[in-house]
1. Label point 7 Å out from VAL372 along Cα-to-Cβ: which residues of the range 259-292 have amide N under 16 Å?
2. Do any GluC sites (Glu not before Pro) in the range 307-354 lie in a loop, going by DSSP, with at most 12 other beta-carbon atoms within 10 Å of their beta carbon, and if so which?
3. Among residues other than GLU310 whose Cβ falls under 11 Å from its Cβ, what is the net charge (Lys/Arg +1, Asp/Glu -1)?
4. Given points 7 Å out from each Cα along the Cα-Cβ axis, report the ALA327 to ILE344 separation in nanometres with one decimal.
5. For the range 239-319, take the alpha-carbon Rg, divide it by the Kirkwood Rh, and send me Rg/Rh.
6. Can you work out the Karplus-derived ³J(HN,Hα) for every residue in the range 223-238? Use 6.51 cos²θ - 1.76 cosθ + 1.60 with θ = phi - 60°, whole Hz, and x for glycine or proline.
7. Give the long-range amide H neighbours of CYS379: residues separated by 5 or more places, or on another chain, with amide H under 5 Å away, using H modelled in the peptide plane at 1.01 Å from N.
8. Mind sorting PHE85, PHE280, PHE286 by how few other Cβ atoms lie within 10 Å of their own Cβ, fewest first?
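Rule-based calculations on the coordinates, nothing more; no lab input. These figures come from a predicted structure and were not determined experimentally. Every residue, glycine among them, receives a Cβ derived from its backbone with ideal geometry; neighbour counts consider all protein chains shown.
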Amino acid sequence: MSSSALDRDTDRSEWKKNDPNPLFTIEKCTQKQYNASSRKTKQSGLKSRNIHFEKRGKRKMKVIHKVSPVLILAGYFYILYEGYFLCQFGGVRYHGQKMAVGAAVMAVGFLFWLITRKKAKEQQAGKKQYLWIAELVAAAAATIICGAAVIRTAIPYNGALSWKIYEWRRINDESSSKDNSDTNKEENEPEIFSGTETETETKTSENIRNSDTWEFNAEDGDMYYFINDITGYRLNVVDAACGSRFYNFEKTKDGGTTWTEVNGDPFDQNMGVAEGLLFFTNDFGFTGLTYASEDFSMLYVTKDGGETFERLELPLDTVTELPSEAAELGFTIEDYDYHTMPQIVDGKMEIYLQTDAMEQQGIIFQSEDNGVTWEYAGCKE
């Protein structure tokens, strides 16, 4: 064997000795490079996804921050709106509940604003903001408008607030007059003690004015109607101001031991004095509302046991003749706006339109289909 061949064999044996598997070494190096590249790719993907979620979270915070003032304004406007109707028509319980809803909306909006305020400041730093100015202007304008409307309801005869103010003044004046009278009496008259106390008369049946159909409680102003010994309805006074009252409608199924509210506002925000309560079936009935002057009244009809009431509208355009007094006193059809409670006459349901509660003459309307339709039927002289 030649020396060159021997040298090649020696080099090959040493190379195999140092690296018995050269292909495995190459694959190992390639795998390391691949793993390093994969880690970089994963890290880059996670970073991109985190950035994406962070941007999306910031966008949500920004949207919530913009919506929260709208919620605050909406709740504030609703409070002003219901506050006006409270001053105009009364009904603390009814409108107070709605104002509480508006206050809750404002609270939620303010909470959202507090939560997102810091993030929004970081995003909007250095930017000019005009939206909050517009919101303040809108709130101020609504406050001025509603404030003016509320002030108007305080003018005598313009709303429930005016009657409430009148009642407060009257009570204060009576209290002051009584105090002055007692003071003068103590100064000018000797003090006399009586050995007996005046007993307060017990009000029993005298406080209940019974009609043929309904009962009126003179103590609290409630009006009752019982279909039988167990089932009954009542108009319950929940608020009052100088002769005008706000009612809810309740039902009993145990003879009056307990009552359940069926309708919180049977007269559609109108205040007055209940004129009557009458049911022909468990579901079909009428109730009336008049004013202290008793020269105007409205009838409301229900066909679902009081869950809903609709104001009765009679076809006045079909009236062809007015009572004889109309020509003498100059009355027109518009003057006959006092509705009596319905009654059954010869198998027909009748309602009379009069100029006031004490009037004897009037316009007759009849219904032969249980109040579905009404027809003009002449005059009552």
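1. Of the residues in the range 259-292, 284-285 have backbone N under 16 Å from the label point off VAL372.
2. Numbers: sites: GLU307, GLU310, GLU313, GLU321, GLU325, GLU328, GLU334, GLU350; in loops: GLU307, GLU313, GLU321.
Counting only loop positions with at most 12 other Cβ atoms within 10 Å, the GluC sites (Glu not before Pro) in the range 307-354 are GLU313, GLU321.
3. Numbers: positive: LYS303, ARG311; negative: ASP268, ASP304, GLU313.
Surrounding charge for GLU310 is -1.
4. Placing both labels 7 Å along Cα→Cβ, they lie 3.8 nm apart.
5. Numbers: Rg = 13.7 Å, Rh = 13.7 Å.
Dividing the radius of gyration by the Kirkwood radius yields 1.00.
6. Rounded to whole hertz, the list is 10, 10, 8, 10, 6, 8, 5, 10, 9, x, 10, 8, 9, 9, 6, 10.
7. Sorted by chain and number, the residues that satisfy this are ILE364.
8. Numbers: PHE85 19, PHE280 14, PHE286 24.
Starting with the residue having the fewest Cβ neighbours, the order is PHE280, PHE85, PHE286.
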